[in-house]
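**Q** Okay, handing you the structure first.
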Amino acid sequence: MRTNICLAFMALFALVPFTGANAQYSLTVESSPAVGAGGTVYRFYVNSQDPSDKMSAVFGNDLAHLVISTPSNIFNSPMNASWNASGVNPAFLGFFPDLADDSYATIGLEGPAATSGLAGAADPSLVEDSALSPTISGYFGAGGTELNVNTLTGGSWYVLNTAANALPDANGRWLIAQITTAGSISGTMN
């Protein structure tokens, strides 16, 4: 069973406005039971009103914190050594079903760019302050409990605007994160 939870309905998450000259964006969180890891899989989507809009980054810094709090840890499959969806290879899902529950950061991809079917897709890149504890890569790679990107340098996962996945999908949105946890989840995304 999939449940759509709009930002206004889910008071736990605040979305710092993604605003362009003429565009407003919103956040949708979809939840479903985890396949093999237990808990709930939460998928975070930014919704677009214009199919030509491009998503470049999810970020945090000292002025606009990126916070994800999951006191019961997040699930990370040992089969995905990456912080992003590039290690969620669909060819392995039959052998390792809990790989589908892996927690990762992304922009518009559910797996490796090479297997996405999008010509010109690119796996997201990462910049992060090494003073963060944990770092973004550490949180999504090792089953973190709290990510707080709040330093001057901060951190971000991003794609260039030339990447095919910078454009919204057929439903007019971008997947920006998948987080699986057995407990509560709250935070702020930019």
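All of the numbers you see were taken from the coordinates with simple rules; none came from a lab. Computed from a predicted structure; not experimentally measured. Neighbour counts are summed over all protein chains in view; Cβ atoms, including those assigned to glycine, are modelled from backbone coordinates with ideal geometry.
**Q** Go through (1) 156; (2) 201; (3) 115 and flag the label whose value is the computed volume of the Cα convex hull per residue in Å³ for this structure.
**A** (3)
**Q** While we're on this one: Using a Gaussian network for the chain with springs between C-alpha atoms less than 10 Å apart, which of these wobbles most: SER103, SER137, SER72?
**A** Greatest mean-square fluctuation among the candidates belongs to SER72.
**Q** In percent, what relative contact order does the chain have, based on Cα pairs under 8 Å that are 6 or more apart in sequence? Working shown, then result.
**A** Working: 485 pairs, mean separation 65.0, N = 190.
Worked out over the chain, it gives 34 percent.
**Q** Give me the number: length gained by fully extending ALA114 to GLN24, i.e. 0.36 nm times residue separation minus the C-alpha to C-alpha distance, one decimal in nm.
**A** On the way: separation 90, 0.36 × 90 = 32.40 nm, distance 3.06 nm.
Extra length from ALA114 to GLN24 when fully extended: 29.3 nm.
**Q** Counting other beta carbons within 10 Å of each residue's own, what order do TYR45, TYR139 fall into, fewest first? Spell out each step's value before the answer.
**A** Working: TYR45 21, TYR139 27.
By the 10 Å Cβ count, ascending: TYR45, TYR139.
**Q** Helix-only mean residue ellipticity at 222 nm, the chain, DSSP H runs n ≥ 4 weighted -39,500 (n - 2.57), per residue, nearest 500. What is it? Each step should come with its number before you reach the end.
**A** Details: 1 runs with 7 residues, N = 190.
Calculated mean residue ellipticity at 222 nm is -1000 deg cm²/dmol.
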